[in-house]
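*Asks:* Here it is: the structure, laid out below.
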Amino acid sequence: MSKKIFSGVQPSGNLHLGNYLGAIKNFVELQNVKENQCIFCVVDLHAITVKQEPKELKKNIRETAATFIACGIDPTKSIIFNQSMVSAHSEAAWILSCVSRIGWLNRMTQFKEKAGKDKEKASIGLYSYPVLMAADILLYDATHVPVGDDQKQHLELCRDIAQKFNNDFNVQNFLKVPEPLIQKQFSRIMSLKDGMKKMSKSDASDLSRINLTDSKEEISNKVKKAKTDTLPLPENVEALVERPEAENLLGIYASLKNQNLENSINEFKKQNFSEFKKKLSDALTEKIEPISKEIKRLLNDEKYLDSILLAGSDKADKIASKKIKEMKELVGF
């Protein structure tokens, strides 16, 4: 069955292995299913929910587009665009925010985590961000949305908003209620320095992550210094309980090799970490080094990247402007 897939990535700069294995690798696989129609958005409107340096944001938008392409997303097969170039996103977000309920947004755990203790100082944008995310998805009649654990709650909200709009305006199935596409394995890549923390660009230590722009030497150095424990590698999955660093490194290797965790464990059981780390470093270099070189090549051709984003935004606008026109008519505008 054909799927219409929508997903977005924030242009935060310096995308890393967690972004690749947890999302972008899956995007490429979804795109390569002939029946699927894929729309991948650089969500720059979401990025400004926290203060951005304008020049840096512009650079990061191009870098995210370059990363999509370098990882294998093909602009002739998929739509790649940046959100702010399609005005329907902002218009639909406002209409849907008038349908959404404060109680729904108050339940969003991600806002509580990002706003911290002083919620009064957080922006309204950070609070209402999930409504904009719903608009992003619903404008394209997406049937499926790839989500990680941290976005499942937002997709549930999107489904609630779609159903309420349809009920309020008595238009069954006008806004399509999307299904989640949950990556069951390796959707959450952890820090190389702490197997209990998600790999993140915001971590103060660059040694905590493999950046998609890292060189062979940088990858090798980071893997060597990655935190492990004193035991040999386990004989089975059950033995990984309370060994988060071992589980994370074996999971990364398994994902890179497109095999399940059990196969990776069988390959290295009872070995010490130094031998395994050599193999992991080789697997990472084989996958990341070509991506890194291609990102750097593409970043030297800003005109090409801008042309891809412009062409993608034109295609996205044709779809979204039709939907927003219909939404406005239903509302009474």
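Nothing in this text is a laboratory measurement; each read-out follows from the coordinates by a stated rule. Quick caveat, the model's predicted, so the values are computed rather than measured. In this analysis, Cβ positions are derived from the backbone assuming ideal geometry, glycine residues included, and neighbour counts consider all displayed protein chains.
*Asks:* Output the pairs from Lys287/Lys318; Lys51/Lys197; Lys51/Lys224; Lys197/Lys257; Lys164/Lys184 with a Cα-Cα distance over 26 Å in this structure; if there are none, say none.
*Replies:* Lys287/Lys318; Lys51/Lys224; Lys164/Lys184
*Asks:* At what distance in angstrom do the alpha carbon centres of segment 207-286 and segment 15-39 lie from each other?
*Replies:* Cα centroid of segment 207-286 versus Cα centroid of segment 15-39: 22 Å apart.
*Asks:* To continue, here is another question. Compute the orientation-averaged projected area for segment 206-297 from the convex hull of its Cα atoms and round it to one decimal in nm².
*Replies:* 5.7 nm²
*Asks:* How far apart, in nm, are the 7 Å Cα→Cβ label points at Lys152 and Leu57?
*Replies:* Placing both labels 7 Å along Cα→Cβ, they lie 3.2 nm apart.
*Asks:* Note down the magnitude of the dipole of the chain about its Cα centre, charges +1 on Lys and Arg C-beta and -1 on Asp and Glu C-beta and zero elsewhere, to the nearest 20 debye.
*Replies:* 200 debye
*Asks:* Set the Förster radius R0 to 45 Å, insert the Cβ-Cβ distance between Val331 and Lys34 as r into 1/(1 + (r/R0)^6), and round the FRET efficiency to 0.05.
*Replies:* So, using R0 = 45 Å, E works out to roughly 0.75.
*Asks:* Given charges of +1 on the Cβ of Lys and Arg and -1 on the Cβ of Asp and Glu, with all other atoms neutral, how large is the dipole of segment 206-297 about its Cα centre, in debye to the nearest 20?
*Replies:* Roughly 360 debye, rounded to the nearest 20.
*Asks:* Could you state the angle between the C-alpha long axis of helix 302-331 and the longest principal axis of the C-alpha atoms of the chain, as a value from 0 to 90 degrees rounded to the nearest 10?
*Replies:* 40 degrees
*Asks:* Then there is this: Below 8 Å, C-alpha to C-alpha, sequence gap of six or more: please give me the relative contact order for segment 206-297 in percent.
*Replies:* 42 percent
*Asks:* Counting only helical runs of four or more DSSP H residues, what would the 222 nm mean residue ellipticity of the chain come to if each run contributes -39,500 (n - 2.57) and the total is spread over all its residues?
*Replies:* It comes out at -16500 deg cm²/dmol, rounded to the nearest 500.
*Asks:* Continuing with this model, one more query. Given springs between every Cα pair under 10 Å in a Gaussian network model of the chain, which of Thr49, Thr228, Thr76 has the largest fluctuation?
*Replies:* The residue that fluctuates most here is Thr76.
*Asks:* Please work out whether segment 121-188 counts as rounded, prolate or oblate from its C-alpha gyration tensor, where a ≥ b ≥ c are the square roots of the eigenvalues and a/c under 1.5 means rounded, while otherwise a/b larger than b/c means prolate and anything else oblate?
*Replies:* Verdict is oblate for segment 121-188.
*Asks:* Once you have a ≥ b ≥ c as the square roots of the Cα gyration tensor eigenvalues for segment 250-333, tell me rounded if a/c is under 1.5, and otherwise prolate or oblate according to whether a/b is larger than b/c.
*Replies:* oblate
*Asks:* Who wins for biggest fluctuation among Glu302, Glu179, Glu35 in a Gaussian network model of the chain, springs between alpha carbons below 10 Å?
*Replies:* Largest GNM mean-square fluctuation: Glu35.
*Asks:* For Ser215 and Glu286 in one chain, what is 0.36 nm times their gap in residues minus the Cα-Cα distance, to one decimal in nm?
*Replies:* Taking Ser215 through Glu286 to full extension adds about 24.5 nm, to one decimal.
*Asks:* Next up: Which percent, to the nearest 5, of DSSP beta bridges fully inside the chain are antiparallel?
*Replies:* Of all bridge pairs located within the chain, approximately 10 percent are antiparallel.
*Asks:* For the chain, modelled as a GNM with alpha-carbon contacts under 10 angstrom, which of Pro290, Pro75, Pro54 fluctuates the most?
*Replies:* Judging by the Gaussian network model, the answer is Pro54.
*Asks:* Projected onto the charge dipole of segment 206-297 (+1 at Lys/Arg Cβ, -1 at Asp/Glu Cβ, origin at the Cα centre), which of Asn260, Gln271, Thr213 gives the Cα projection farthest towards the positive end?
*Replies:* It is Thr213, whose Cα lies furthest towards the positive end.
*Asks:* Please give the net charge around Lys227, taking every other residue with its beta carbon less than 9 angstrom from that of Lys227, where Lys and Arg add +1 and Asp and Glu add -1.
*Replies:* -1
*Asks:* Any idea what angle helix 273-299 forms with the longest principal axis of the chain, computed on alpha-carbon atoms, 0 to 90 degrees, nearest 10?
*Replies:* The angle comes out at about 40 degrees.
*Asks:* Follow-up question, since we're still on this one. Between the helical axis of 216-225 and the dominant principal axis of the chain, each derived from Cα atoms, what acute angle in degrees is found, rounded to the nearest 10?
*Replies:* Helix 216-225 sits roughly 70 degrees off the main axis of the chain.
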